[in-house]
Structures are given as C-alpha cells and as structure tokens.
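The values are calculated or read from the model by the stated rules, or taken from the named source; none is laboratory data. Here the structure is a predicted model, which is why all the values come from computation and not from measurement. Heads up, the Cβs are rebuilt from the backbone with ideal geometry, glycines too, and the neighbour counts pull from every protein chain shown.
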Amino acid sequence: MKVRLAAPIQDDSIVDGAGIRAVIWMQGCSHNCKGCQNPSTHDFKGGYLEDVDNLKEEIKALDIDGITLSGGDPMFQVEASLEIAKYAKSLGLNVWCYTGYTYEELMAISKTNKKMLDLLNNIDALVDGRFELDQLSYEVVFRGSKNQRIIDVASSLKVGKAIEFEKYKIGNTQNKANSDNMIFI
Ligand code: SF4
C-alpha cells in the first residue's frame, strides 16, 4: 500500500503530542483554513508516494513514545492511516492524530465508512477541528486555535460523545507544556 506524504518522517518532535514523537506528514487537505501554516500540504497530487511498509520499518527503528499522524489531513488517506496506526499500536506506541474534521463529523463519516471507525479505534488522542485564525492561541498546548480539542477517543467511543482529556481542556491550569506531559499515555 502507498501513502502520499508531504515530507519524510520527523523523528524528534515534542510539539505534536506528548513525549518524543515521530510525525507522519501526510499530503492532501481540502479544509482551507485561513492562516494554515502548511499550505503546501493541501494539493492531493502534491508531495510524493511512499510505501507504507517502508514507513513501518522506519517507525520500528525509532526510539520514540508514539507517532503522530498530521499533514495535510490524515483522514483523507484513511486506509494508509489505519495501516500505520495499527502497526504503531502493535509496537506498543501511542497514536495521536491531527484533523480538520471535528470528532462529530468523523463519527458521521464512520456510519458509511467502516475504515474510518477502525482508524478512530486505533487513535489515542485526536486533535480535532479546523484551524480558526480568530481563535489563534499560543497558550493552548499542542494546538493552534482554541476551538480545537484533544479528544480521548477510546472514552468517546465508549460513551458515544466527544470526551476531551481533562488536563488539556481550555482553562485547565495544567494545560501547558510541562514535564507531566512527557509521561502522558
Ligand atoms: S486542516 Fe490543517 S492542513 Fe488542512 S487547511 Fe486546516 S490547518 Fe491547514
């Protein structure tokens, strides 16, 4: 299986989720958020194709806490995202995913797309929603704008509605980069 990437794996991120993370920069996004910092990742024919098996080998060799699917929007490549997320979980790594869709929109898509539900089942933390320039904030950790949530996907799927990780909720005093974040999930 092939995946369309915007850039090679970044293997040392501390800003795309908790701990030391490998970021998979996926190509393709149609959300067109005003002020997007990665407009070069929008073109669905841009970037380059990579074999998912090669990515798996790269991930396996890394000393990391987890992987982060980002982009672009990984939800436009559901099958490849699922394959990568499942593999990371099989290695005992946690999985974060950034998307311009809201959790509720993804659940609606899941009704007709079982792979989307499978993917959600393999994501620990979902950073959801479009980047909203008028809600830009440098205070909220791991996000660009205040409307974006960091969702505990397993708990959300269990209760049937979006549940945010308490420590990352807007207004929580722990909602800042600190040493505690390094041991999160
Ligand atoms: S979802 Fe992300 S990549 Fe897509 S336009 Fe919005 S900020 Fe940019």
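Restricting Val52, Val15 to residues that are within 14 Å of the chain's Cα centre (by Cα) and either polar (S, T, N, Q) or on the phi < 0 side of the Ramachandran plot (or both) narrows the list to Val15.
This table checks each residue for (1) hydrophobic (A, V, I, L, M, F, W, C); (2) in a helix (DSSP H, G or I).
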residue	(1), (2)
Gln37	no, no
Lys45	no, no
Glu50	no, no
Leu55	yes, yes
Leu62	yes, no
Gln77	no, yes
Ile84	yes, yes
Thr112	no, no
Met116	yes, yes
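Exactly one residue among Glu50, Glu79, Glu83 is among the acidic types (Asp, Glu), more than 26 Å from Ser145 (Cβ to Cβ), in contact (Cβ under 8 Å) with a residue 24 or more places away in the chain and out of contact with any helix residue (DSSP H, G or I) (no Cβ under 8 Å at 6 or more places or on another chain), and that residue is Glu50. Quick check: anything in the stretch 88-102 part of a helix (DSSP H, G or I), buried (at least 20 other Cβ atoms within 10 Å of the Cβ) and within 16 Å of the ligand (Cβ to nearest atom)? The answer is no, given that none of the residues of the stretch 88-102 is part of a helix (DSSP H, G or I), buried (at least 20 other Cβ atoms within 10 Å of the Cβ) and within 16 Å of the ligand (Cβ to nearest atom). Is it true that Val78 is among the β-branched types (Val, Ile, Thr), in contact with a Ser or Thr (Cβ under 6 Å, 6 or more places away or on another chain) and either within 16 Å of the ligand (Cβ to nearest atom) or modelled with pLDDT under 95 (or both)? No: the conditions fail for Val78.
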